[in-house]
Amino acid sequence: MLEVRDLKKSFGDLPVLRGVSLQMRKGDVTAIIGPSGGGKTTLLRCINFLEKADSGTLTFGGRSYDLGAIGKRDIAAIRMKTGFVFQSFNLFSNKTAVQNITEGLIIARKMPRDQANAIAMRALDQVGLRDRADHYPSQLSGGQQQRVAIARAVATSPEIIYFDEPTSALDPELIGEVLSVMRDLASSGMTMLVVTHEMRFAREVSSRVIFMENGSIVEQGESGPFFAAPREARTQAFLRTISAEK
Amino acid sequence: MTERVWKILVESFPKILLPGLRMTLPLTAIAFVLAMIIAIVVALIQFARVKGLSQLCRFYIWVIRGTPLLVQLFVVFYGLKAGMHMSPFWAAVLVFAVNEGAYCAETMRGALEGVPAGQIEAGYCVGMSYTQIMRRIVLPQALRTAFPSLSNGLISMVKDTSLTANITVAEMFMATQRINARYYEPLALYLEAAVIYLLFSTALSWLQRWGEKRLQSLGGREARHA
């Protein structure tokens, strides 16, 4: 359902993505792991056009797009079918939890208010925050904010949701509630591409794992075999460092 | 204070207040609304870094902030009057709007830049357009941040309208000058005018506090207390 081919991106003279290719099938939950500065976040941002890629091809919804020269209209159309969850939540601070969700439905999709509200309440229910509907982001904990952000992404019925280190900005005791929401989402069949440092999530929830370093994919595969027997020496070294830290 | 001075003060009070209500307040209100429109447009152009227009806006702010208000009033009223057939009142409205617009534009630009860029990205990601994001997410937050500074501008403007006496606008200060020309009680009469300006400013301060409370109840600023 989604394919990225030979995605390249530099910041000035610094190459950040050196030709990345990946494929996702419907219902895949793919974790992207790897050391910081390896290009994971940039990859996600390029796929959703928050950064402009230098070159590469994106195939999505049966059409192929040149990532280096894609037009505004195509970008807008693709974004209507994707969701994005940020590391720092990025809820609209002048909107309540429920308004954060309905905004994209009423304003961008011209949905009637009643219908949007019903969908938003269902989405809040799904993340366990129905009773916080009228709270502003500043009145919510980090974990709750991130759950609202996930509900905001889910409510637009996207074909895929991108997660950019969704638990990295959270206090340790708040990580669990967000991961459990993501676990539920994964088991409901949502296609998810997740940049994460949470190895347990990558191991237990994701169906596939991609290991990235220095702007390239070093190794990828089904998550079971990937963690049980990584092929590449650099993957093995990374996984050893991670498990030594735990 | 002598009985004569008291009598003059009591008699002149409505004669000063009335031009205040008829000239000073409408002048301030109209000019400030226009200034806000200018400020928002100029700030948005700069925020979006529109090529060419952005530089034009910087030039406008540079010129207006770099020259005295009184000089601007004279340039427009005495300098451009011949070709424009403008009444003193509307010349003053024009100058105050353009002048205050430049200052408020900078306040607004700062406030726009204070809205976290992540919220703009989030807006894109839920499918909103740039215009929708600005209108629904960024501008409301920026206005809330800018509100106290903008209120400052409004209160300053009420007092600065006294300068328009110099271009023959029959406002409070000119009325006071006229009364003083008759009775020659400068200390008492100009203090009386000062008190009326103070009343106007106080009312505006109350309005500001009321506005801030309302904005707070609409959310967004509680972060400070949370």
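Filtering segment B:48-77 down to residues that are surrounded by fewer than 19 Cβ atoms within 10 Å (Cβ to Cβ) and aromatic (Phe, Trp, Tyr), which residue is farthest from B:Val138 (Cα to Cα)? Ranking the candidates gives B:Phe74 first. Screening segment A:54-95 for strands (runs of 3 or more DSSP E) wholly inside it with 2 or more residues that are surrounded by fewer than 20 Cβ atoms within 10 Å (Cβ to Cβ) and more than 10 Å from chain B (Cβ to nearest Cβ) returns the ranges A:55-60, A:63-66. Residue pairs whose Cβ atoms lie under 9 Å apart, sitting 6 or more positions apart in sequence or on different chains, and linking a residue in segment B:8-26 that is of a type in the set (Lys, Arg) to a partner that is part of a helix (DSSP H, G or I) and surrounded by 18 or more Cβ atoms within 10 Å (Cβ to Cβ), are B:Lys15/B:Ala175; B:Lys15/B:Thr176; B:Lys15/B:Ile179. For B:Ala92, are the conditions met, namely being touching a residue at least 24 places away in the same chain (Cβ under 8 Å), surrounded by 13 or more Cβ atoms within 10 Å (Cβ to Cβ) and within 25 Å of B:Pro140 (Cα to Cα)? Considered against the rule, which asks whether it is touching a residue at least 24 places away in the same chain (Cβ under 8 Å), surrounded by 13 or more Cβ atoms within 10 Å (Cβ to Cβ) and within 25 Å of B:Pro140 (Cα to Cα), B:Ala92 comes out as no.
If you go through segment A:1-40 and keep only what is surrounded by 21 or more Cβ atoms within 10 Å (Cβ to Cβ) and not in a strand (DSSP E or B), you end up with A:Gly34, A:Gly38, A:Gly39, A:Lys40. Exactly one condition in (1) within 27 Å of B:Ser162 (Cβ to Cβ); (2) modelled with pLDDT of 95 or more is not met by B:Ser54; state its number. Result: B:Ser54 passes all but (1). Restricting A:Ala202, A:Ala123, A:Ala186 to those that are within 14 Å of chain B (Cβ to nearest Cβ) and touching a residue at least 24 places away in the same chain (Cβ under 8 Å) reduces the list to A:Ala123. Within segment B:91-121, restricting attention to residues that are among the β-branched types (Val, Ile, Thr) and under 22 Å from B:Val50 (Cβ atoms), the residue that is farthest from the other protein chains (Cβ to nearest Cβ) is B:Val98. Can you name every residue in segment A:139-178 that is within 25 Å of A:Leu2 (Cα to Cα) and assigned to a loop (DSSP other than H, G, I, E, B)? Those that are within 25 Å of A:Leu2 (Cα to Cα) and assigned to a loop (DSSP other than H, G, I, E, B): A:Thr156, A:Ser157, A:Pro158, A:Glu159, A:Glu165, A:Pro166, A:Thr167. Looking only at segment B:104-150, filter to residues that are farther than 17 Å from A:Leu105 by Cα and among the polar types (S, T, N, Q); which one of those is surrounded by the fewest Cβ atoms within 10 Å (Cβ to Cβ)? Across segment B:104-150, the extreme among qualifying residues is B:Ser149. Of the residues making up segment A:126-138, those that are within 14 Å of chain B (Cβ to nearest Cβ), surrounded by fewer than 24 Cβ atoms within 10 Å (Cβ to Cβ) and in a helix (DSSP H, G or I) are A:Arg132, A:Ser138. Before we move on, is A:Arg147 surrounded by 24 or more Cβ atoms within 10 Å (Cβ to Cβ), modelled with pLDDT of 95 or more and more than 14 Å from every other protein chain (Cβ to nearest Cβ)? So A:Arg147 fits the description; yes.
The values are calculated or read from the model by the stated rules, or taken from the named source; none is laboratory data. Values in this document were obtained by computation on a predicted structure and should not be read as measured data. Positions of Cβ are generated from backbone atoms using ideal geometry, with glycine treated the same way; all protein chains shown enter the neighbour counts.
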